[in-house]
Amino acid sequence: MNILIKSAKIIDPKSDFHNTTQDLLIEKGVISSIGSNLKNPNNFKEIKLKNLHISQGWFDSGVSFGEPGYEERETIENGLITAARSGFTSIALNANTNPIIDTNADVAFVLSKASNSPVTLLPLGALTRSSKGEELAELFDMKTAGAVAFYDYKAPVTNPNVMKIALQYASNFNGLVCSFPQESRISRNGVMNEHISSTRLGLKGNPALAEELQVARDLFLLEYTGGKLHIPTISAAKSVALIKDAKTKKLDVTCSVAIHNLCFTDEALTDFNTNFKVLPPLRTQADVQALIEGLKDGTIDMVTTDHTPIDVEEKKVEFDHANYGTIGLESGFGALRTVLTTKTCIEVLTKGKTRFGLESWPINIGNPLNATLFDPDENYTFSLKDIKSKSKNAIFEGFPLKGKVYGILSNRKIVLN
């Protein structure tokens, strides 16, 4: 990969050139020079774009595709292309497949599908066999095969002893355990946030309490066992407070929030649009504000698009019967920019990489270039033409967004929109 990038504003606090506009010369995937008005004696491909910004490559800690088993929703190949065009140089792939990724052979399969992609795929192995929450899966074998963490996607581990043993066992090989924050005996069949809106709409409620109880339980277990815990997609204000307190105790815990939970409240469900049926559910404005503040002060470590392709037949039904989930890769940055500054956006899109075992390369001379190119200020309305996924269940369809992705430079490959 030999390229000359012209007049790009570097957004990377770890770079010697942070917050300055520079030319970057890349030779064989490595940054050979950074400066003003660099020459191009070897006639390398030049990239010069409007209001061009460059940062370290973005990471999404929770993406679902479909393959194996649900290829009609999304394939790994097209999913990774979609991720690249959305600005992500690496993604963690949920075990939301059929069969569920719970053996070393399953991990090897998904890695083989991504071997030539510009996007680095990091498999999440299931925490328990078939994600049933009953007995641990082959954690060490999957780690050896390339799994970066263990997570029963959207399936809470009800038995606290299973979670205790998982934390203890995984700590023997520095494994990262993920736990979906929902006490299913409280949430039961709730399909939206339990609040005034659910009463008004006549829909069964899933209270924030269900999340808060599970978060509190897992933090108590972490304090008892040690180990490493990641809590994906929190949605409630009290969860933020609980995790903040755990971090003051120096517990090894991180968490993420889904971007749509930063942008919408349960009031958005008034027309029963099933694209707004997500898990955890959209909550109140007070919760949204607490989540945003948690990102700003570092309590919440990272964001995720929680990208979940769903067949149209599973969304074009009554709200109670629709599947949970929305696609989010294509709208991720534009939605995030509507609630956060450019600086904070880039911070929360990049700092989660090290938690999942990825090396982070600052934009400095002599380093490999793993980067995202973008314009943080372009305003547009998200529509079907912006969707690259096979599935079209987009929560942000028809909404104004801010920020355009130009592409990525990663794994010595270039993807430009």
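Key figures
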quantity: Unique match (being under 15 Å from residue 333 (Cβ atoms) and touching a Leu at 6+ places or on another chain (Cβ under 7 Å)) among 38, 52, 80, 93; calculated: 52
quantity: Any hit, the range 331-340, residues being touching a Cys at 6+ places or on another chain (Cβ under 9 Å) and small (Gly, Ala, Ser); calculated: yes
quantity: In the range 376-410, residue farthest from residue 273 (Cα to Cα) [restricted to those that are part of a loop (DSSP other than H, G, I, E, B) and open to solvent by 70 Å² or more (accessible area, probe 1.4 Å)]; calculated: 388
quantity: Top-ranked residue in the range 169-202 [being out of contact with any Gly (no Cβ under 6 Å at 6 or more places or on another chain), open to solvent by less than 70 Å² (accessible area, probe 1.4 Å) and of a type in the set (S, T, N, Q); ranked as nearest to residue 124 (Cα to Cα)]; calculated: 179
quantity: Residue within the range 249-258 that is of a type in the set (A, V, I, L, M), more than 25 Å from residue 393 (Cα to Cα) and touching a Pro at 6+ places or on another chain (Cβ under 6 Å) present; calculated: no
quantity: Selection within the range 295-312 - in a helix (DSSP H, G or I) and surrounded by fewer than 22 Cβ atoms within 10 Å (Cβ to Cβ); calculated: 296, 297, 312
quantity: Residue list for the range 60-78, filter: acidic (Asp, Glu) and either farther than 18 Å from residue 304 by Cβ or in contact with a Cys (Cβ under 8 Å, 6 or more places away or on another chain) (or both); calculated: 67, 71, 72, 77
quantity: Cβ-Cβ under 9 Å pairs, at least 6 apart or on other chains, the range 332-343 side open to solvent by 10 Å² or more (accessible area, probe 1.4 Å), far side assigned to a loop (DSSP other than H, G, I, E, B); calculated: 338/399; 339/259; 343/13; 343/19
quantity: Counted residues, the range 348-374 - those being of a type in the set (D, E, K, R) and surrounded by fewer than 19 Cβ atoms within 10 Å (Cβ to Cβ); calculated: 2
quantity: Qualifying residue in the range 254-265 (condition: among the β-branched types (Val, Ile, Thr), within 23 Å of residue 402 (Cα to Cα), open to solvent by 10 Å² or more (accessible area, probe 1.4 Å) and not in a loop (DSSP other than H, G, I, E, B)); calculated: no
quantity: Hits in the range 240-253 - residues which are among the charged types (D, E, K, R) and outside any helix (DSSP H, G or I); calculated: 249, 250, 252
quantity: Residue match in the range 225-237 (condition: assigned to a helix (DSSP H, G or I) and crowded, with 23+ Cβ neighbours inside 10 Å); calculated: no
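The values are calculated or read from the model by the stated rules, or taken from the named source; none is laboratory data. This structure is a prediction, so every number in the text was calculated from the model and none was measured. Virtual Cβ from ideal backbone geometry, glycine too; neighbours counted across all protein chains shown. Accessible surface areas use protein heavy atoms only, side chains included; no ligands, DNA or RNA. Shrake-Rupley method; radii C 1.70, N 1.55, O 1.52, S 1.80 Å.
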